[in-house]
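Input: a single structure, listed below in structure tokens.
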Amino acid sequence: MAVKQYKLKIKRFDPERNAHSRWEEFSLSMKPSHRLLDALAKIKDEIDGSLTYRRSCAHGVCGSCAMKINGKNGLACQSLFKDMPEFIVIEPLHGFPVVKDLVVDIKPFLEKNEEILPFLINNTPPPERERKQTPQEQNKILQAITCIMCGSCTSACPSYQRNNSYLGPSALVKAARFIFDSRDSAEEERLDKVTQSNGLWMCHSIYNCVEVCPKNVDIPAHIIKLKQLAVKRKILKQK
Amino acid sequence: MTYNFDTIIIGSGLAGLRAAIEASKQGSVAVLTKLYPTRSHSTAAQGGISGALGNEEPDSPMWHFYDTVKGSDFLGDQDAIEVMCNDAIRTIIELEHLGVPFSRTTEGKIAQRRFGGHTRDFGAAPVQRACFCADRTGHVILFALFEQSQTQGVKFFPEFHVLDIPIIDGKCMGVIAMEIQTGDIHVFNAKTTLVASGGYGRVFKTTSNAIASTGDCLSILFNAGVPLEDMEFFQFHPTGLYGLGILVTEGARGEGGVLINGKGERFMEKYAPTIKDLAPRDMVSRSIMTEIKEGRGVDGKDYVHLDLRGIGRKTIEERLPEIASFCRIYIGIDPVEAPIPVLPTAHYAMGGIPTDVNGRVLHNEKGTAVEGLFAAGECACVSVHGANRLGCNSLLDTVVFGRRAGMEINLANKNIKTGRIHSEVVEKVLKKLKQLLEKTEGTQRAGELRDKLQTLMMNHCSVFRNKDDLNRIPNQLDKIKEQLKDVNIKDKGKKFNTELLEVIELRHLVNLAEAISSSALNRTESRGAHSREDFPGRNDTEWMKHTFALKKDSNIEFRYKPVTVTKFQPEDRKY
């Protein structure tokens, strides 16, 4: 297919050379089937080796190359030129400290997960064979387990941007992944965590998260189910 | 900084994490990864993990054992294969208990599906042996192992790039690594070091492997005098998305998908009459290339079709959602309605760092181990995959031998002193980095050289090989090595200098390309994934042995280790 000219405007930041970020434009000819990640690699290989970004799998399963593309978070490896305008603005994910160019510090984001006990807890002695789980039971977590922790959702969340003590959509989906797993027995402890002041109730159903999720996880639906569960528990306790 | 740990694990894929869970029961463990743990390439494994659970139909570890031996084209060591297949059921049940959300049968048991080369009754018909979670099996196992390892106090060092693994007087001392975010160099002294750094598919132009799969640690050890075993055996997965190399799981054929040539024929019936499209990967890849070479590619082009239209939307959405999404995103095709254009893609290294069944790294073909050094997973060669790995056996390999390495490490830690990496060794590493960074002239571009290397290996050392092609490689590699000296790194900074790291990775790739191509030239027979047009037959009289490639100055020397045969004598490999 025919190549076309594109202009990429990239937000650059090199803490060793300048305390402030700057914009730089690159003109490239790309095929419609090319990924935005291919363009970044082309710039790095052919124009400016210092352009810095994360990448690994290049097909949307590792979550390394999340960035803001024309105002919307997404994976560079999952953004094809056939779907993009001729002028493309690329920035690092908002809401996280910028390390260099398109690389942000994701530690604060990953630490949110640790708060919700992100591992299966089942204190009954394991049976000789697998713990049974019907397909219907498993359906409840099938979306949540696809999360690749790219950070797109949390970065796009206005509640998180305003107050970064908020657990954020990604950690809440992780909580749902375990709370709704029929094999997990720590629902109470997890609900205690997600109903604290930095948890569930900071979600105001703005839906930015679901718009940017590269794995199409219906994040608000998971958060709403958690809210319903939390309310139900509270009412039961009051009775 | 200088750290002291009982055990350092390099790599946070399935092998590294399973070993970390084991070793952290008794000692202090640090896991280093150049990515973040959940971004390791294990996450891209799609189709499943094999084990004769018999949840869907009768199965037995003995049949699994036989299939793996036959799949390996009789080069796999049978003692090791038996260990793996006998441990498969326990391994999968354990993973389930750790939280892996395997897909289920209606009665709630772990579901199983067919996969290439896995049969019942010693080859009679395909069997449902692959345990899976839709087509995200690697992803869910990786997450479960990462999550559990966090509960055990494993210390993670994400985005640490390993620069050296010093071996002094036959003892591995630990690791020297760069913290990518700061550019600082750290020293990790350890009693034991486990290399679980994954594959090196980026040697080839078309690959399913991640950009990070550059085999750094194999290359470091190769330079340090550790042999590399069976490097000529590199698996090309039959179904990579055309033009991209992105993996389309064999599970697609396990669920009923078929390969179709340009004439609309199911050509695998010709090549493997009994199990057809579920033949082992080496055979299917050769069959595809033969169809194309003989003019039966689709529209006369260099691809064939993988047709999933017979499977139906429901099964595709439930059991193959990820590959369906890849097709829609990357080539604009809905596999429910249209066939998928595919071509073999460089996928898996059977060869690697030689180990025994407990993960101890062998210093020579006689079985002497390097003190304190272990390897597991794709970077290692036990050898359970021999000349060709069966689908789903890689995940099993990583978890079984990761755990065994962890157990052996616990024993070893009782008798080994913590290594001490002396400052002279660190100085040497720093000096090399400085030389790379301070160079201000140079006309070569690393990207261009990487492209040259990958194209060279793809054209001359992929599915089919011959003497003339292989003989072209050494000169070209020498040239690339020379040109690599003339690369000028523009980014002179310390922090997150990926330009520098990419040059270092490229050097490793070139080093491994030498090991692969010279081992391929040296083996004058065709076996498994190593197919020599000039030596078309398998030669059991001369070649029932593993290649040990050793770096001596600038040359590569070959030694050999006989294949361990216990139960199954080599036979004609027909399917």
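Quick one: would you say B:Asn4 is touching a strand residue (DSSP E or B) at 6+ places or on another chain (Cβ under 6 Å) and open to solvent by 30 Å² or more (accessible area, probe 1.4 Å)? Against the criterion (touching a strand residue (DSSP E or B) at 6+ places or on another chain (Cβ under 6 Å) and open to solvent by 30 Å² or more (accessible area, probe 1.4 Å)), B:Asn4 qualifies.
Residues considered: B:Lys490, B:Lys494, B:Lys452. Of these, the only one that is without any contact (Cβ under 8 Å) to a residue 12 or more places away in the chain and not β-branched (Val, Ile, Thr) is B:Lys490.
Looking only at residues of the stretch B:424-457 that are open to solvent by less than 40 Å² (accessible area, probe 1.4 Å) and away from every other protein chain (no Cβ under 14 Å), we find that the one that is nearest to B:Pro238 (Cα to Cα) is B:Met457. When you scan the stretch B:98-138, how many residues do you find that are open to solvent by 10 Å² or more (accessible area, probe 1.4 Å) and closer than 19 Å to B:Ala15 by Cβ? So the answer is 2. Of the numbered criteria (1) facing chain B (nearest Cβ under 9 Å); (2) under 28 Å from A:Pro15 (Cβ atoms); (3) buried (at least 20 other Cβ atoms within 10 Å of the Cβ), the one A:Ser170 fails is (1). Among strands (runs of 3 or more DSSP E) entirely within the stretch B:121-173, having at least 2 residues that are away from every other protein chain (no Cβ under 13 Å) and closer than 26 Å to A:Val61 by Cα singles out B:125-131, B:160-164. Of B:Asn358, B:Asn364, all but one fail to be surrounded by fewer than 24 Cβ atoms within 10 Å (Cβ to Cβ), under 24 Å from B:Leu142 (Cβ atoms) and in contact (Cβ under 8 Å) with a residue 24 or more places away in the chain; the exception is B:Asn358.
I want to confirm something. Restricting to the stretch B:317-345 and keeping residues that are in a strand (DSSP E or B) and within 14 Å of chain A (Cβ to nearest Cβ), which single residue is nearest to B:Leu75 (Cα to Cα)?
Ranking the candidates gives B:Thr345 first.
Exactly one residue among A:Phe26, A:Phe87 is more than 11 Å from chain B (Cβ to nearest Cβ) and closer than 23 Å to B:Arg445 by Cα, and that residue is A:Phe26. Among the residues of this structure, B:Glu557 counts as one that is under 17 Å from B:Pro227 (Cα atoms) and among the acidic types (Asp, Glu).
Can you list the helices (runs of 4 or more DSSP H) lying wholly within the stretch B:235-316 that have 3 or more residues being open to solvent by less than 10 Å² (accessible area, probe 1.4 Å) and either within 14 Å of chain A (Cβ to nearest Cβ) or not charged (D, E, K, R) (or both)?
Values: elements: B:251-254, B:268-271, B:281-293.
Result: B:281-293.
Only one of A:Ile179, A:Ile224 is out of contact with any Pro (no Cβ under 9 Å at 6 or more places or on another chain) and open to solvent by less than 20 Å² (accessible area, probe 1.4 Å); which?
Sole residue among the options that is out of contact with any Pro (no Cβ under 9 Å at 6 or more places or on another chain) and open to solvent by less than 20 Å² (accessible area, probe 1.4 Å): A:Ile179.
Just one of the listed residues (B:Ile504, B:Ile480, B:Ile489) is within 14 Å of chain A (Cβ to nearest Cβ), part of a helix (DSSP H, G or I) and among the β-branched types (Val, Ile, Thr), namely B:Ile504.
Quick check on the stretch A:64-71. Is at least one of its residues within 20 Å of A:Ala41 (Cβ to Cβ), more than 13 Å from the chain's Cα centre (by Cα) and of a type in the set (Ser, Thr, Tyr)? No: zero hits. Is it the case that B:Asp79 is under 23 Å from the mean Cα position of the chain (by Cα) and either assigned to a loop (DSSP other than H, G, I, E, B) or hydroxyl-bearing (Ser, Thr, Tyr) (or both)? No: the conditions fail for B:Asp79. Scan the stretch A:202-221 for residues that are assigned to a helix (DSSP H, G or I) and open to solvent by less than 60 Å² (accessible area, probe 1.4 Å) and the total you get is 8.
The values are calculated or read from the model by the stated rules, or taken from the named source; none is laboratory data. Not measured: the values here are computed from a predicted model. Neighbour counts are summed over all protein chains in view; Cβ atoms, including those assigned to glycine, are modelled from backbone coordinates with ideal geometry. The accessibility values were calculated without ligands, DNA or RNA, using every heavy atom of the protein model including side chains. Shrake-Rupley method; radii C 1.70, N 1.55, O 1.52, S 1.80 Å.
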